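The values are calculated or read from the model by the stated rules, or taken from the named source; none is laboratory data. The model shown is predicted, which means the values in this text are computed figures rather than measured ones. Cβ sites come from the backbone with ideal geometry, for glycine too, and all protein chains shown count toward neighbours. Side chains included, ligands, DNA and RNA excluded: accessible areas come from the protein's heavy atoms. Shrake-Rupley method; radii C 1.70, N 1.55, O 1.52, S 1.80 Å.
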Amino acid sequence: VYNYPYPQTTEKILRPLLCKRMFIIVGAQNTLAWLQSKGFKTFSPFINEEYDNIQDPKNRIIAITSEIKRLCNIPIATIQDTILEHSDVLEHNFNLLQNLEKIEFQQIEKDLSWLNSKISPLRISWV
């Protein structure tokens, strides 16, 4: 799905959020930006997230691979310390995901209510 023209949510995105793990997303351009727009927090600057801005799928996957290689060369103790330093972010993402369904339905209700207020004056009675 890294060459889709729009972000898409799958279990591969939800799993690290539920398991309170850091992540790199191999997905469409601006997937991280989309997650951030929903209130999720990501892990920059520890993870270089510039790959999310790359439009060309081939260049984006090259940037993702490069970042994964960079992270693999970081000592495990540093990674463990970084995870502990980001525990508040991991907890925030977990809690947000738990409430996301409610939040999304509330937004849909607001949008439908707004749409209904715009359409209602246009209704014509055919009696």
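Structure above, values below:
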| read-out | value |
| --- | --- |
| Those lysines that a straight Cα-Cα span of less than 18 Å connects to Lys41, excepting residues fewer than 8 apart in one chain | Lys12, Lys20 |
| Stretch gain in nm, segment Ile68-Glu101, where the contour uses 0.36 nm per residue and the Cα spacing is subtracted | 8.8 nm |
| Estimated inter-spin distance, Lys12 and Leu112, nm [label 7 Å along Cα→Cβ] | 3.2 |
| Order of exposure, largest accessible area first, which applies to Val89, Val26 with probe 1.4 Å | Val26, Val89 |
| Heavy-atom accessible surface of the stretch 13-127: percent carbon and sulfur, 1.4 Å | 58 |
